[in-house]
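> Attaching a single structure in structure tokens format; questions to follow.
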Amino acid sequence: MIHTPMDKIAKATPEPMARKVRGLSDRTIAWIFVAPSIFLLLAVNIFPLIWTIRLSFTNYKVNRPNREIDFVGLRNYERILTDSDTWMTMQATAHFLIWTIVLQVLIGFALAYLLNMKFKGNDMWTTIIVFPMMLSPAVVGNFWTFLYQPQIGLFNYVVTFFTGGDPSSFSMIGDVHLAPWAIVIADTWMWTPFVMLICLAGLRSIPDSIYEAAECDRASKWRQFWTITIPMALPFLMLAVLFRGIENFKMFDLVVQLTGGGPGNTTTLTSIDLKREAFEKWRTGYSSAYAVILFVTVFGLASIYVKALNKVKER
Amino acid sequence: MKTQLKLSVATAAVMAVSGAASAEDLTLCWASWDPANALIELSKDFEEKSGHTMNFEFVPWPNFADRMLNELNSGGKLCDLMIGDSQWIGGGAENGHYVKLNDFFDAEGITMDDFIPATVTGYAEWPKNTPNYWALPAFGDVVGWTYRKDWFERPELQAEFKEKYGRDLDVPNSLDELKDIAQFFQGRDIDGTTVYGAAIYTERGSEGITMGVTNALYNYGFEYGNPDSPYELDGFVNSEDAVAGLEFYKDLYDTATPPGSSNWYMGENIDAYKSGQVALQMNFAFIWPGVEADANVGGGKSGYFPNPAGPNGQFAQLGGQGISVVSYSDKQDAALEYIKWFAQPEIQSRWWELGGYSALKAVVEDPGFATSQPYAQTFLDSMAIVKDFWAEPAYAELLLAMQQRVHDYVIAGNGTAEEALNGLVDDWTETFEDEGKI
């Protein structure tokens, strides 16, 4: 009698194969099922990583196939870590990373808090607010270059409307002091809705009964916010910080489109610098070492952060 | 008779079949810009005559080098013909991307003596100044200047300029005069609109600011190295004259360019000029047909002049490209056929008519050439004073180092011109050491 789909499959299996499978242990069968995934993981992730580490100890250049490849030891690592330009790009990346996360979390949480209150048109506002994150980063970078144009850009007009003066008196992407903020503002405009959505999910996951209990205990709104809302939304906030941190560490398209890394090196983030080394200068060995350093940095920071996140969740 | 007829039909059939079998689908790779459209039009004649089909892969300039060098470095078969930038010739030859064309030229009677010498050196030879050819000069180009002739001719502006500078408002004879003119127009109200002096190259990401600043550096005395010892850089790249040239470019940027023009290259300069924002624009000659045809600034409203002289000579940055056969192509014979067709004087003449800048002497030395277009004489004068950037296999490293150093000083205002050029010497020295050249 055939009852279940598994029975049907068993019945359909040819006898010679069925005989072979009957002789296999559960562990072996499990390995057979898992093997393709492991093979793919090795081929797509692990092998390239090992190969990159190997290349990082050589002077290999992918555009010079005829040149002899020399083992240079730690020279690439030494050159990267002692290069003042590398540290400048690290500083630019840190500035971008910290300020985008701070602004996006603050504004995103505030928006989520407002949207969590029940009011008419709530859904419509949510849709409008998430619109920027639906756009391509390259498109966003491109149209922010127009917004920042001193002669025709809306941004300069809005700023000078409040501060007075001539809109063409300052250039957001041409000024060494303003350009780092120009990329922070554009990224914040684009990705705050993402943080907002995560925060909104966190806020909506807090049961109303907790607030009702606090009301019974005559806790003020301010106290409810700090003792209920923030602690219960914290794991979501931390998750948003993790996502935005990882994403912004590898930020490339929006900034390239907006400033090209300039003026000078002011907005050259590590990902832009790495791309130039690897695919414009074709210094494959050097850029492999650079990639390894960045990988270790991101992996290390993310690991520490995930541990902290788990501790918060356990509380 | 019947047998003869059968034989004729059979012969015709065999010829038709063999003809069809040799018809190839060729792909030509180039940048996406106006001349590329002209080439599509021109190539219809080749398709008709040869039976081959032409396909085109055009990539916008900011991504052109990335995309195409990736293609070459990976041994890709996408491109059978490549109109590659002049600086790629060293890498194309040494890394085996391009087919050497000497034997082909000899067999087909194509001689480089028939082309403008600067284009042969710039687009075809590697090593430079040796008779080893890897491309046929395809598109002559050079940085020059476009100006608003209609503004220059206004009596009130002429009078004000004469009073201020003691000379006529006319095409500048020197870089200093050019700066005066640009400063004169900076922030001026013309027909109720605020206009600015000059749109110059300032782009950071690819090659923009280098292609611009060299027009000042060369004329002030910058050299790529000791003429007697090619990779000796110190004292040539960062000479006092070179420092003065870099300071000139920064001053021009600071005092005579539109606000917000900190990352401008060909496209942005064209837009600024055509929209009436600037009195002058620095740009490659390829834009001139488009300027002449433009409703706002064409039809006699614009004039053209070569890069003006500096204290130590008159030079202009070479642009342009040669056409090469990609060594990874399986259709090299058909690709060579295209080059043979393209090199013909009548095709080159038609190329110029369509808006392509021919480098063939028979075209540019024709008595009617100089007056054939308002910019034709300027093109000839400019091609006579060209200098090019490094064409070494490691040109990209050299270029990106210069982009960074120059942008950091001119646009970001960090450090001094001397520090920027000293830094450049260090960067280039490191590259040449890595390359085993020094």
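What follows is calculated from the coordinates using simple rules that are stated; it is not laboratory data. Note that the structure is predicted; figures quoted are calculated from it, not measured. Quick reminder, even Gly has a Cβ in these numbers, built from the backbone with ideal geometry, and neighbours come from all protein chains shown.
> Tell me, what is a quarter of the convex hull surface for the C-alpha atoms of segment A:140-185, in nm² with one decimal? Write down the numbers at each step before the final one.
Working: hull surface 12.0 nm².
Over all viewing directions, segment A:140-185 projects a mean Cα-hull area of 3.0 nm².
> For A:151-164, what's the mean count of beta carbons from other chains sitting within 10 Å of each residue's beta carbon?
That average works out to 1.
> Report the relative contact order of segment A:79-314, percent, no decimals, based on alpha-carbon pairs under 8 angstrom and at least 6 residues apart.
29 percent
> For peptide B:64-71, what's the mean number of Cβ atoms from other chains within 10 Å of each residue's Cβ?
2
> Hey, could you pull the Cα Rg and Dmax for segment A:5-55, both in Å?
In Å, with Rg to one decimal and Dmax whole: 17.2, 52.
> Still on this structure, please answer the following. What shape does chain A have by the C-alpha gyration tensor, where a ≥ b ≥ c are the square roots of the eigenvalues, rounded means a/c under 1.5, and otherwise prolate means a/b greater than b/c and oblate the rest?
Oblate.
> Compute the acute angle (0 to 90°) between the alpha-carbon long axis of helix B:61-73 and the principal axis of greatest extent of the alpha-carbon atoms of chain B; round to the nearest 10°.
40 degrees
> List every residue whose amide H lies under 5 Å from the amide H of A:Gly262, counting only residues 5 or more places away in sequence or on a different chain, with H placed 1.01 Å from N in the peptide plane.
Close amide H contacts, sequence-distant or interchain: A:Thr267.
> Among A:Ala291, A:Ala18, A:Ala110, which one shows the highest mean-square fluctuation when chain A is modelled as a Gaussian network with alpha-carbon springs under 10 Å?
A:Ala18
> Once you charge only the Cβ atoms, +1 for Lys and Arg and -1 for Asp and Glu, what is the size of the charge dipole of segment A:79-314 about its Cα centre, to the nearest 20 debye? List each step's numbers first, then the result.
Numbers: 16 positive and 16 negative charges, 90 e Å.
Dipole magnitude for segment A:79-314 comes out near 440 debye.
> Quick one: helix B:395-410 against the long Cα principal axis of chain B, what's the angle to the nearest 10°, folded into 0 to 90?
20 degrees
> Could you pull out every one of the lysines with an alpha carbon less than 30 Å from that of B:Lys162, ignoring same-chain neighbours closer than 8 positions?
Of all the lysines, those that pass the test against B:Lys162 - Cα under 30 Å, at least 8 places apart if same chain - are B:Lys149, B:Lys179, B:Lys250, B:Lys274, B:Lys301.
> Taking amide H positions as placed 1.01 Å from N in the peptide plane, with prolines and chain starts having none, which residues 5 or more places from B:Val386, or on another chain, fall under 5 Å of its amide H?
Here B:Ala316 satisfy the definition.
> Could you check the simple spin-label distance between A:Gln91 and A:Ile210, using points 7 Å along Cα→Cβ, in nm with one decimal?
Rounded to a tenth, the inter-label distance reads 4.3 nm.
> Hey, what do the phi angles of segment B:141-149 turn into as Karplus ³J(HN,Hα) couplings, whole Hz, using 6.51/-1.76/1.60 and θ = phi - 60°, x for Gly and Pro?
Residue by residue, segment B:141-149 yields 8, 7, 6, x, 10, 10, 9, 7, 4 Hz.
> Using a 10 angstrom cutoff on alpha carbons, build the Gaussian network for chain A and name the most mobile of A:Leu55, A:Leu178, A:Leu40.
For chain A, modelled as a Gaussian network with Cα springs under 10 Å, the answer is A:Leu40.
> Then there's this: For segment A:268-306, list residues with backbone N below 12 Å from a point placed 7 Å from the Cα of A:Leu41 toward its Cβ?
No residue passes the distance filter.
> Same structure again: Using the Cα gyration tensor of segment B:109-148, with a ≥ b ≥ c the square roots of its eigenvalues, what is the shape: rounded (a/c below 1.5), prolate (a/b larger than b/c) or oblate (neither)?
In terms of gyration-tensor shape, prolate.
> Averaged over peptide B:407-414, how many Cβ atoms belonging to another chain are found within 10 Å of each residue's Cβ?
Per residue, the number of nearby Cβ atoms from other chains is 6 on average.
> On a 0 to 90° scale, report how tilted helix B:417-434 is relative to the longest principal axis of chain B, with both axes built from alpha carbons and the result rounded to the nearest 10.
30 degrees
> Is the shape of the protein assembly as shown best called rounded, prolate or oblate, per the rule: a/c under 1.5 gives rounded, else a/b larger than b/c gives prolate, else oblate, with a ≥ b ≥ c the square roots of the Cα gyration tensor eigenvalues?
Since a/c reaches 1.5 but b/c is at least a/b, the shape of the protein assembly as shown is classed as oblate.
> Another one. Count the DSSP beta bridges whose two residues both fall in chain B, then state the antiparallel fraction as a percent rounded to the nearest 5.
Working: 27 of 42 bridges.
The answer is about 65 percent antiparallel.
> Right, something else. Tell me, rounded to the nearest percent, the portion of alpha carbon pairs in chain B spaced more than 32 Å apart.
Tail of the P(r) past 32 Å holds 41 percent of the pairs.
> Using the Kirkwood radius over Cα pairs, work out the Stokes-Einstein diffusion coefficient for segment A:88-155 at 25 °C and 0.890 mPa s, in µm²/s as a whole number.
Reported coefficient: 167 µm²/s.
> If pairing requires two Cys Cβ atoms under 4.7 Å apart, which cysteines of the protein assembly as shown are left without a partner?
Flagged as lacking a Cys partner: A:Cys199, A:Cys216.
> Still on this model: Got a sec to turn the phi values of segment B:105-118 into Karplus ³J(HN,Hα) couplings, 6.51 cos²θ - 1.76 cosθ + 1.60 with θ = phi - 60°, whole Hz, x for Gly and Pro?
Whole-Hz 3J(HN,Hα) from phi for segment B:105-118: 4, 4, 5, 9, x, 8, 10, 6, 5, 7, 10, 4, x, 4.
> Amide H to amide H, which residues 5 or more places from B:Thr194 or on other chains are under 5 Å from it, using H placed in the peptide plane?
The answer is none.
> Can you find, among B:Gly221, B:Leu280, B:Met54, the residue sitting farthest towards the positive end of the charge dipole of the protein assembly as shown, where Lys and Arg contribute +1 and Asp and Glu -1 at Cβ?
After comparing all options, I get B:Met54.
> Grab the DSSP H runs of the protein assembly as shown that are 4 residues or longer, score each as -39,500 (n - 2.57), total them, divide by all residues and round the 222 nm result to the nearest 500 deg cm²/dmol.
It lands at -17500 deg cm²/dmol.
> What list of whole percents do you get for P(r) of segment A:1-120, with Cα-Cα distances grouped in 10 Å bins up to the one holding the largest distance?
Spelled out per bin, shortest first, that is 9, 15, 16, 15, 16, 19, 9, 0.
> For an R0 of 41 angstrom, estimate the FRET efficiency from the Cβ-Cβ distance between A:Ala302 and A:Thr82 and round to the nearest 0.05.
Calculated value: 0.95.
> While we're on this one: Provide the three semi-axes, in whole Å and in decreasing order, of the ellipsoid equivalent to segment B:73-225 as defined by the square roots of 5 times the Cα gyration tensor eigenvalues.
With the √(5λ) rule applied to segment B:73-225, the semi-axes are 43, 17, 15 Å.
> In addition: Each label point is 7 Å from the Cα along the Cα-to-Cβ direction; what then is the distance between the points at B:Ile438 and B:Ile40, in nm?
Rounded to a tenth, the inter-label distance reads 4.6 nm.
> Once you place label points 7 Å from the Cα toward the Cβ at B:Lys149 and A:Phe131, how far apart are they in nm?
4.7 nm
> What are the ³J(HN,Hα) values, in whole Hz, obtained from phi via the Karplus relation 6.51 cos²θ - 1.76 cosθ + 1.60 with θ = phi - 60°, for each residue of segment A:186-199 in sequence order, with x given for Gly and Pro?
Result, rounded to whole Hz: 5, 5, 5, 4, 6, 9, 4, x, 5, 4, 4, 4, 5, 5.
> Another question about this same structure. What pairs from A:Lys250/A:Lys275; A:Lys275/B:Lys128; A:Lys281/B:Lys437; B:Lys100/B:Lys340; B:Lys340/B:Lys361; A:Lys61/B:Lys437 go past 21 Å between their alpha carbons?
Violating the 21 Å Cα-Cα cut-off are A:Lys275/B:Lys128.
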